[in-house]
Amino acid sequence: MSPHARRILTIVVGIVVAAGLIAVWVIRGPDPMAFAGGPRVELKDYKDANPTGVPKALAQASAVERGEYLAKAADCMVCHTMQGGKEYAGGLGFKLPFGTLYSTNITPDKETGIGNYSDQDFLNAVQRGVRHDGARLYPAMPYTSYTYISDADALAIKAYLFSLAPVRATPPANTLSFPFNQRWAMMFWSEIFNPDTRYEPDTSKSPEWNRGAYLAEALAHCGECHTPRNLAFALNNRKKFAGAITAGWRAFNISSDKATGVGGWRDDDLISYLSIGHAAGHGTASGPMGEAVDHSFSQMAPEDIRAIVTYLRSVPPTTSSDLPATLAPPASASHKDGLQEARGKMVFQGACVSCHSWSGESAISPMATLTGAWAVNDPGATNVAQIVISGTKRHTPDGALSMPAFGDAYSDDEIAAVANYVTARFGSKGSRLTAQDVAELRKQTAE
């Protein structure tokens, strides 16, 4: 090859490599806390209060007790427990566009659980997505968020899990289609999208902000549901907390946008919503968020909830263009006013009005009030349909009102009709769901 040809080849290779690096940079995007912009230091070099660990009340507690708090903050039990199954024994199915993925047994059973995991094995799984046998985990296990958990906190969670009774249980085999069933390929995905780094405090921010960032980004992994994903199914932090569809439910915008996020909420509203799953004028948590409140946020110390709120306030606003800037007021108390769509009204009258009333303001429980809820103001009606299908099973606070599931009682066509009626009567713009849309929503929920 002539010197001239070699120079041309070198230039071409350089352009291809540069283009590839640029493409990776564009797809990967910023890390979840890049928006803060301040200098970050390793935890050992941080001079203020340690943002990791447990609240002061548990500072002298045993590793198992600390691990129990941290495991609840990380919401481990919900994903690793199938309906009717034993806690942490796995088997919960996550329905994806390319098959179903089942959660694993994380009890200390030595044959079917994690009983043979060393400390390093556990850290590798939680922070790097690598199993005891070297196989790669899928990011349904949110290790790209858990990677920010400190080693000490991860090992405290391990101590708690190992204190549980071992359960012999093997989850069903995953049904992922090719090429998604090739676990080895996850090493390349992880190389791009998992930073494999522990939380580094931002020295320009307050200790409370850093605690909130650690809780929201590492343990509670809020972005896994509330941040849209890119073409590679990784979090798109350029639209941080802008909302996304996850497991067949809509996780709404929790950025500081005042109209379509939580920027217009009072601190007390946010604290109430996270603590008990309800805020007056803003609705009640259902679906995955309801589970997160019942089993995770409601178990956190008040100072940790306040820290999360402080952090949420700082997330740059992103507008959800499909949501109304103004929420609908209460509807008329008379059923004769407003939309008169016969089929949807018939279902609502037969199954819903006794709790929700014609105005949408419940006389039975504030948790059944529809006015102000994003679900009924979402013209996509995703969560309205899912609540009708699956109901709500709330445990927080004591005596919380739950809603029965009507998925078996009504057809897809009837559920679409009542969802369209509810969003038109109680929201800013009616939805146009079809029976086929409802059938698809049924398929997306976890088993």
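The values are calculated or read from the model by the stated rules, or taken from the named source; none is laboratory data. All values derive from a computational prediction rather than experimental measurement. All Cβ positions, even for glycine, are placed from backbone atoms using ideal geometry, and neighbour counts span all protein chains on display. To get the accessible areas, we keep the full protein, side chains included, count just its heavy atoms, and leave off ligands, DNA and RNA. Shrake-Rupley method; radii C 1.70, N 1.55, O 1.52, S 1.80 Å.
If DNA, RNA and ligands are ignored and the probe is 1.4 Å, what is the ranking of Glu87, Glu200 by accessible area, most exposed first?
Glu87, Glu200
Of Lys393/Lys443; Lys72/Lys95; Lys258/Lys393; Lys44/Lys158; Lys86/Lys110, which sit over 27 Å apart, Cα to Cα?
Lys258/Lys393
Of the listed values [x] 69, 57, 52; [y] 82, 64, 47; [z] 66, 55, 44, identify the label whose number matches Cα extents along the principal axes in Å calculated from this model.
The listed entry that was calculated here is [y].
When ranked by the protection proxy of mean other Cβ atoms within 10 Å per residue, highest first, what sequence do the peptides 393-399, 223-229 form? Please list the in-between numbers first.
Numbers: 393-399: 14.1, 223-229: 22.0.
Final packing ranking: 223-229, 393-399.
With a 1.4 Å probe and every protein chain kept in, tell me what percent of the accessible surface of the chain is carbon plus sulfur.
About 58 percent, which is the carbon plus sulfur part of the accessible surface.
Tell me, what is the percent relative contact order of the range 240-281, built from C-alpha pairs under 8 Å that lie six or more residues apart?
For the range 240-281, the relative contact order is 21 percent.
Among bridges DSSP assigns within the chain, what percent are antiparallel (round to 5)? List each step's numbers first, then the result.
Working: 13 of 14 bridges.
Percentage antiparallel, nearest 5: 95.
Determine the sum of side-chain charges near His282: Lys and Arg each +1, Asp and Glu each -1, restricted to other residues whose C-beta is under 14 angstrom from that of His282.
Counting the neighbours of His282, the net charge comes to -3.
Within 15 Å, Cβ to Cβ, of Thr319, how many net charges do the neighbouring residues add up to if Lys/Arg are +1 and Asp/Glu are -1?
Details: positive: Arg238, Lys239, Lys240, Lys258; negative: Asp257, Asp322, Asp378.
Residues close to Thr319 contribute a combined charge of +1.
Beta carbons within 10 angstrom, averaged per residue: use that to sort the peptides 207-216, 324-333, highest first.
207-216, 324-333
Magnitude of the Cβ-charge dipole of the chain, K/R +1 and D/E -1, about the Cα centre, nearest 20 debye?
Computed about the Cα centre, the dipole is about 960 debye.
Which peptide among 401-412, 255-266 comes first, and what is the full order, when sorted by highest mean count of other Cβ atoms within 10 Å?
Ranked by mean Cβ neighbours within 10 Å, highest first: 255-266, 401-412.
Please identify the helices of the chain, taking whole runs of DSSP H, that span at least 24 Å along their own axis as judged from the Cα atoms and have a mean Kyte-Doolittle score of -0.5 or higher.
Those that clear 24 Å and a mean of -0.5 are 3-28.
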